[in-house]
1. Just to be sure, is residue 343 over 27 Å from residue 201 (Cβ atoms), hydroxyl-bearing (Ser, Thr, Tyr) and at pLDDT 70 or above?
2. Give me the pairs, please: first residue somewhere in region 1-29 and loosely packed, with under 13 Cβ neighbours inside 10 Å, second residue anywhere and of a type in the set (Gly, Ala, Ser), beta-carbon distance under 6 Å, and either six or more positions apart or on two chains.
3. Got a sec? Which helices (runs of 4 or more DSSP H) wholly within region 1-75 have at least 1 residues that are among the aromatic types (Phe, Trp, Tyr)?
4. Looking at this structure, is residue 263 in contact (Cβ under 8 Å) with a residue 12 or more places away in the chain and either basic (Lys, Arg) or surrounded by fewer than 20 Cβ atoms within 10 Å (Cβ to Cβ) (or both)?
5. Hey, can you tell me all the residues within region 78-131 that are free of Cβ contacts under 8 Å to residues at least 60 places away in the same chain, among the aliphatic types (A, V, I, L, M) and closer than 26 Å to residue 172 by Cβ?
6. Among the residues of region 181-196, how many are of a type in the set (Gly, Ala, Ser) and farther than 18 Å from residue 148 by Cβ?
7. Regarding residue 163, is this residue under 25 Å from residue 246 (Cβ atoms) and modelled with pLDDT of 95 or more?
8. Please enumerate the residues belonging to region 15-53 that are out of contact with any helix residue (DSSP H, G or I) (no Cβ under 7 Å at 6 or more places or on another chain) and of a type in the set (Ser, Thr, Tyr).
Amino acid sequence: MTSFPPEIERKINQLQSHIEQADALERAWLVDEAEAAYQACLQMAARERIPLLEGQLAQIWMGIGFCYADRNDWLGALEWYHRAEATLLSAPVFNPNPESPEAQANDKKWSPYVPEEVTVIFQQSYPAEAHLAALCDSIALAYDNSNQLESAKEYYQRSIGLHVKLGNPASEAEVWFHQALGCQRRQQWFDLEQVAGSMLLAAERVQAKARMLVAQRFLAQSQINQNRPFKTLEHLCRVVVLARELNDVKLATDEGFLRDLVRSLRPDVLQRSQADLLLPIAYAETILNDPNLAQDMALLQNWQHRQPSTIQPGSKPVGPLTSLSEAAMMLEHFALRHCGEPTQKEKRAKQGLMRILSGATEVVERRVWAITQEELQIYQKDNQDQIAQRQTLCAVLTLFGQPEVIISVSLTSSECNVRVMEQRALPGDSLTGFFTMALESIPLQSEALLSCLNSFIQRGLFVQTDKGLQYISPKRP
């Protein structure tokens, strides 16, 4: 840390005390008083010729930005946030050569707003990366709340990248949480699923169970609004278990949601006599101590005895398709062969500013695929070229990405229908749906299904890459 004469150090500490008093006013929502206190700190530094540390200047400007944000004046908040950002980017960790053209250009973004009488001191020991990570989160929130979504996404990623570099998954989860709130507010359910999944992974790394609970609630909400009741069931079970462990105030509501979903799904599941569908119902009943548990466990054991759950390694899948459970096994066999494990870790190049700030690559965990059985809402064009929708129970292989793609299998009494569906925005709506890009009707045979799945690769709908199958979207009508 830079050393100062005792009298100057005393004044710097006194100034810091005034900044912290302004922070306390802002946290108490005394916004006008807080903004005046922050401005008074700058005037005090100018009047008494107190050197201003870079952290103090950034703290003052962030505080004024918070005051504007408290008034929902997001554009005003962004002006002050960006001045603080430019100040932090002039710190030695980001700015080893202050004479470079890049450094000089950055200097012009903040120095004209500092009183002429004030000298700003940059210290080698100042943890600028950690403070910039927090600031980028605030910038992202301001962009998010002003519906400048591309800029918001950029700053969320900058914040997350710095937290990852600094090994701070708890703060990373907090940033994902803020991003999830925006997705929830805009009812962007697919985006909420992706963001909440990343939030959960970060929270799990430090067992931040309160954050894990919130992430699971987001995931349940994203799934029910994408018409995926069994995925909703899976997440609601985890929600209730965590809420009980934490004695959460919303526990009774969570249990009510889970109980209602079980009651709505169970009659149809019993009629279909499929073990893979009854298993999550029975698990939820175990959590709820449901009176139907004993009966359903007996049924489950009987059905599991009659229905194999996996294809043995090295064996060739043959024989008739008699249930969606068998179709799901075929999809899993196909995915393991062509995509590898469902969740994988990979190195990827950092983008934009984060490449400069924190190195060239980072290790991330990504979901590659998942198998479910769901009642899908499928959109197709009818004979009048109008978009029609219908509900169909399917075995589903989800290939995560942009766009998300699913291969669905549904069975009738005479044939097996196999679809490749691409997620798209619905015309004139903020929601998304799955649109059929390829449809095959084949015999009810395991060999025919596997041959059909492989044909999607041969026809160029998918290509094999080092990351598994990559979807190639056909020309859209």
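1. No, not satisfied.
2. These pairs meet every condition: 1/125.
3. Hits in region 1-75: 31-47, 54-70.
4. no
5. Within region 78-131, 84, 86, 88, 89, 91, 93, 130 meet the criteria.
6. 1
7. Judged against the criteria, residue 163 is not a match.
8. 17
The values are calculated or read from the model by the stated rules, or taken from the named source; none is laboratory data. Quantities reported herein were computed from a predicted structural model and do not represent experimental measurements. When we count neighbours, we look across all protein chains shown, and the Cβ atoms used for this are built from the backbone with ideal geometry, even at glycine.
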